[in-house]
1. Please rank A:S11, F:S47, fewest neighbouring Cβ atoms within 10 Å first, as an exposure proxy.
2. If you place +1 on the Cβ of every Lys and Arg, -1 on the Cβ of every Asp and Glu, and leave all else neutral, what size is the dipole of the stretch E:50-95 about its Cα centre, to the nearest 20 Debye?
3. Would you mind checking the tilt of helix F:96-115 against the longest principal axis of the Cα atoms of chain F, expressed as 0 to 90 degrees and rounded to 10?
4. What percentage of all Cα-Cα pairs in the stretch C:1-112 are separated by more than 15 Å?
5. Quick one: order C:R6, E:R5 by neighbouring beta-carbon count within 10 Å, fewest to most.
6. How big is the charge dipole of chain E about its Cα centre, in debye rounded to the nearest 20, if each Lys and Arg gets +1 on its Cβ and each Asp and Glu gets -1 on its Cβ?
7. So how do B:E97, E:E78, A:E109 line up by other beta-carbon neighbours within 10 Å, fewest first?
8. Give me Rg/Rg_expected for the protein assembly as shown, where Rg uses Cα atoms only and Rg_expected = 2.2 N^0.38 Å with N residues.
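Read-outs throughout are calculated quantities, based only on the coordinates presented, and are distinct from any laboratory measurement. It should be emphasised that the depicted structure is a prediction, and the values quoted were computed from it without experimental measurement. Cβ atoms come from the backbone with ideal geometry, glycine included; neighbour counts cover every protein chain shown.
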Protein chains: 6
Amino acid sequence: MTLTRRYRFSSSHRLHSPQLNDEENQQVYGKCNNPYGHGHDYVLDVSVSGKLDAATGRIVDLDTLDQVVGNHIVNCFEHRNLNADIPAFQSMVPTTENVAVEIGRRLTEAWPDAFGNTGTLLKKIRIRETPRNIFELTL
Amino acid sequence: MTLTRRYRFSSSHRLHSPQLNDEENQQVYGKCNNPYGHGHDYVLDVSVSGKLDAATGRIVDLDTLDQVVGNHIVNCFEHRNLNADIPAFQSMVPTTENVAVEIGRRLTEAWPDAFGNTGTLLKKIRIRETPRNIFELTL
Amino acid sequence: MTLTRRYRFSSSHRLHSPQLNDEENQQVYGKCNNPYGHGHDYVLDVSVSGKLDAATGRIVDLDTLDQVVGNHIVNCFEHRNLNADIPAFQSMVPTTENVAVEIGRRLTEAWPDAFGNTGTLLKKIRIRETPRNIFELTL
Amino acid sequence: MTLTRRYRFSSSHRLHSPQLNDEENQQVYGKCNNPYGHGHDYVLDVSVSGKLDAATGRIVDLDTLDQVVGNHIVNCFEHRNLNADIPAFQSMVPTTENVAVEIGRRLTEAWPDAFGNTGTLLKKIRIRETPRNIFELTL
Amino acid sequence: MTLTRRYRFSSSHRLHSPQLNDEENQQVYGKCNNPYGHGHDYVLDVSVSGKLDAATGRIVDLDTLDQVVGNHIVNCFEHRNLNADIPAFQSMVPTTENVAVEIGRRLTEAWPDAFGNTGTLLKKIRIRETPRNIFELTL
Amino acid sequence: MTLTRRYRFSSSHRLHSPQLNDEENQQVYGKCNNPYGHGHDYVLDVSVSGKLDAATGRIVDLDTLDQVVGNHIVNCFEHRNLNADIPAFQSMVPTTENVAVEIGRRLTEAWPDAFGNTGTLLKKIRIRETPRNIFELTL
């Protein structure tokens, strides 16, 4: 059984790759390349699986999950500029694909401390950039 | 091909496990352990797969599906108190995980009579407890 | 200008009026009269109006609004049984109409202390019982 | 990683199979068999996977995806009558199952020209006929 | 206090005005003028007001409301072609504006018989043609 | 009769008022005052009223409405930084209240040229900053 739990954060970013020249950046990213950036209300769905505990009827401790996602993702990304405030996006363009990669990296790294011997596994993250664009990363 | 069909029911419950003492119950379930209970508008998505019938262009008979889910789930859970009205929750705490297990058990049991030789298979159920918490059970 | 801010709480209730006999209760409320109750994920929209503050560009202090609605409504109703946990529903059947009346009464009473000389006015509350039933009370 | 991108089109159709007689058509399709047809606001989710391009941080070129889905699906189905305007539904009843099959066939056929050597793969389409009925076809 | 109750129906239509020539029809309605029609999943919100009944805690009898809207609107429009199946649209082009007018006319006409001496008033109808286009008619 | 038509734009902003000192800015705006800004997917609903044209069955020409809102709002705000890209926010802090004021000012100014003698009136704008915060400005 899996639980998908929903989180939200509102951030700004500008898509501009240091590996592309100005014309290529404009061509690849269009208005997402506008110099002063723009922003989104990101919706992050974190899917975990676990063994059903017979006594509690639960597959995951929600408080722990909220702490991990809160400390490592929401509190860092919420109301921030991804390019300026998140170290990983000094060297990586903050497309939602790369945001997914970075979130996956952070959660994977934090998982053992939080859920080490509980059998709760991190399965998938899904990020909705806009209602039309949803990215899914299996972990 | 799969079809996911959506059903809804509004129920109340209290999370309190007989296998835990009062303090543990309070710690595990927090305000979900409040003595007089609370409730949710559950959204149940039932996913089935089937072979496309060349004559009808259908993979499942919707009337039959609605009857099975209606008779065994919605009519029993709708506007009910899970702890008091559903026998399975005499011995099992009605977390949404256990609600999923009970719904899966009921549908699996009813399936052969309803869809015995049609090739329609029950694949997955998904229950949305609140817009933030969604449980998925592959069957 | 008005701001509408959204809150949520999940509660259970049973519709049974002491002014009606059992048969009338069954006829008026149908399955909402089931003896052990049921529940909903209520959505509460609070609409306030105010003068635009030239320095802050705001019409209402959101922290104050969240405190008023939190202390007087959400913290009292969230994960509670309306019949058992809310004094007003000892003598009043907890239909969503009456829930709206009670919420309006509580907010109106708390308003002067919170927003006394700010010019922020309480205009309207709207409660969504289910996605199909929405009640609106102008204050 | 997969991207799911959402498209919409509004079409009308009538469900009436030439392989069934009138009584059977009425029994299988009910009011969907009404002689003058009815319609839906279809929501089409197209899921693709791809390798993350290190320079652009993208897994798929969105302009190309929009062109393929636009030219082969949306522009053909939008504000059309499926029975009268789409050749495939001369011989196939336009149930949403068959609409999914036809969309899958069209996208599969157009894919090599559009995404031939990019590594972008067409994984899945999902069509929401109404908020209660969603069909998914893995490709 | 007002209650807004939601109904749905799926219909097809073609926008073509007998008072305009072919070129004008094409210019005014664009692809909505396509000869074989298209369709929508209409969402109809009916808003009524009423006096709070002290005994029942209700402002309107929901069963009566569902019967009126069911008999006069949903059962007539659901899975129908508006041009062919609804007499009013023989002489009136079935734009959503005119659909609103026709629904308002039907409900106003049926109201006295259903709610004659109850004090329940029909206040407003709102029709969502697509998620982007919503029409509101105060009655 | 009114039509409400929905538009969307994604922008970034930072809330920092030149009329407040740093400490006050931090106190009033909290994390919205973070130095590098953040962003939202704004939803803009524009409500207009008009006389029903007997020949076309329409109350407003949608192409004209889309052009006005497109040219004066969406194309200017979409994928932009409000503080840096919109002149009005040089001297006004871009709270959603002020964004509503600026949108109202722009539409009111553009209205006569677009809808001068048509009887179509601009009634209301509503901006959803996040699903929890909605601002409404009657015009």
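1. Values: A:S11 28, F:S47 19.
Result, fewest neighbours first: F:S47, A:S11.
2. 140
3. In chain F, helix F:96-115 runs at an angle near 30 degrees to the longest axis.
4. Roughly 68 percent, rounded to a whole number.
5. Ranking C:R6, E:R5 by Cβ neighbours within 10 Å, fewest first, gives C:R6, E:R5.
6. So the dipole magnitude of chain E works out to roughly 400 debye.
7. If I rank by nearby Cβ atoms, fewest first, I get A:E109, E:E78, B:E97.
8. 0.96
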